[in-house]
Structure formats: C-alpha cells, structure tokens
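All remarks here apply to the structure that follows.
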Amino acid sequence: MVALNLEIASPVAVEAAQRAAENPRMNLIDAVFSQLPQVEAPVIHRQTPGMYTREILMRADSFVTSKIHKTEHQFVVLSGDVSVWTEEQGVVRLTSGHVGITQPGTRRLLYAHSDTRWITFHPTMQTNLDKIEEELIHPHTPANDSLLCRAMSEISGGSK
C-alpha cells in the first residue's frame with residue numbers, strides 16, 4: 001500500500017476557499033434558501049483504504065448549494081440531469097455519466113432537473129467523518145438574517 005502525503009491546505013487552496021466563503025452572491029442564496037421549505041438530500045458515505053467517497057441524491061426540481069471544497073478531487077454524475085452554476089464557469093448542464101474535476105475553492109449552486117446522484121472521490125487516510133470534513137471542507141458561516149432582510153428589502157425596492 002502506498003501512503004499518501006497530501007498537502008491538503010496548500011496556500012492556493014486556502015486562498016480560493018476563503019474567496020468562496022466570502023462570495024456575497026452565494027451567501028445571499030444560502031440566506032434566501034434557508035428561509036424556504038427544505039428537501040431531504042440523502043448522503044451516502046463510503047470508505048476504503050486511502051479513499052473516501054460522498055454520494056448525494058438531489059431530488060428533481062430542487063436547488064442545492066454545495067460546501068466549499070479545499071481540495072482538487074474528481075466527481076461523477078452517476079444519474080440524472082443537473083444545471084450547475086459556479087463563479088468561474090457560469091451555468092453548465094451536466095447529465096448522467098459526466099466525469100469532472102473540482103478545483104479548490106469551488107462552491108456550487110445546483111438545480112436538479114431530475115433526481116440526480118452525484119459522487120465525489122477524496123484521497124484521505126482519515127476514517128472519522130468529522131475529521132474528514134475538517135480536512136476537505138472550508139468552514140463558512142451562512143448568511144445571517146440581517147443579510148436576508150437587507151437583500152429582500154433591496155429586491156423589493158425598499159431602502160438599504
């Protein structure tokens with residue numbers, strides 16, 4: 001077995017993740033979405049030696065905001081049809097069988113046109129899910145209620 005010695009939090013990855021955490025558009029979207037009825041998006045965690053995979057089922061006609069990724073890793077759209085927005089690429093439509101690479105700092109807004117299964121692959125020697133998330137995901141604080149109120153006021157033409 002080959003031991004992996006990864007520099008998980010490289011300076012470039014940390015900077016990209018911090019930019020994503022401070023993205024005002026995504027923070028606004030998180031704030032608005034947090035006030036709407038929530039849909040369950042089941043996640044399946046799998047582990048093999050040196051590899052963690054995370055599979056999510058996004059229900060048809062639902063929006064999902066992703067976590068902020070610290071690492072470069074592969075993903076596959078196992079089934080379904082989803083539109084994906086990122087700051088870097090705008091909107092891209094992905095369907096069953098699509099294979100891609102997530103860059104550090106990526107934060108996505110997704111709309112599932114049909115039930116969609118998406119899986120990510122992460123090299124790690126960790127087995128504890130909390131430690132894995134700490135290693136792979138940049139923490140961010142979702143936008144607070146005052147941001148939501150300000151945004152709703154701006155959208156409706158009220159004062160700032």
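Between beta-carbons, use under 9 Å as the cut-off and find the net charge around Ser96, counting Lys and Arg +1, Asp and Glu -1.
Details: positive: Arg117; negative: Asp81.
Spelling it out: positives minus negatives among the neighbours equals 0.
Residues whose amide H falls under 5 Å from that of Asp81, counting only those 5 or more places apart or on a different chain, are His113, Ser114, with hydrogens built in the peptide plane. Here the Karplus curve 6.51 cos²θ - 1.76 cosθ + 1.60, taken at θ = phi - 60°, turns the phi angles of the stretch 91-108 into couplings of 9, 10, 9, 10, 10, 2, x, 5, 10, x, 10, 8, 8, x, x, 5, 9, 10 Hz, with x standing for Gly and Pro.
Estimated at 0.36 nm per residue, the fully extended path between Ala41 and Arg59 surpasses their Cα-Cα distance by 5.8 nm. If we count every other residue with Cβ under 13 angstrom of Ile132's Cβ, Lys/Arg +1 and Asp/Glu -1, where does the sum land? Net charge around Ile132: +1. Taking label points 7 Å from Cα along the Cα-to-Cβ direction, Asn128 and Glu72 give a separation of 2.9 nm. The packing ranking, built from the mean of other Cβ atoms within 10 Å per residue, places the peptides 85-97, 63-75 in the order 63-75, 85-97, highest first. The string of couplings for the stretch 121-135 from the Karplus curve (6.51, -1.76, 1.60, θ = phi - 60°) is 10, 10, x, 6, 9, 5, 10, 7, 4, 5, 5, 4, 4, 4, 6 Hz, one whole number per residue in order, with x for Gly and Pro. Note on Val99 and Ser114: their simple-model spin labels are 2.2 nm apart, each label 7 Å out from Cα toward Cβ.
Values quoted throughout were computed directly from the atomic coordinates according to the rules given, and no laboratory measurement underlies them. Note that the coordinates shown come from a computational prediction; the quantities given were computed from them, not determined experimentally. Positions of Cβ are backbone-derived with ideal geometry, glycine not excepted, and every protein chain shown enters the neighbour counts.
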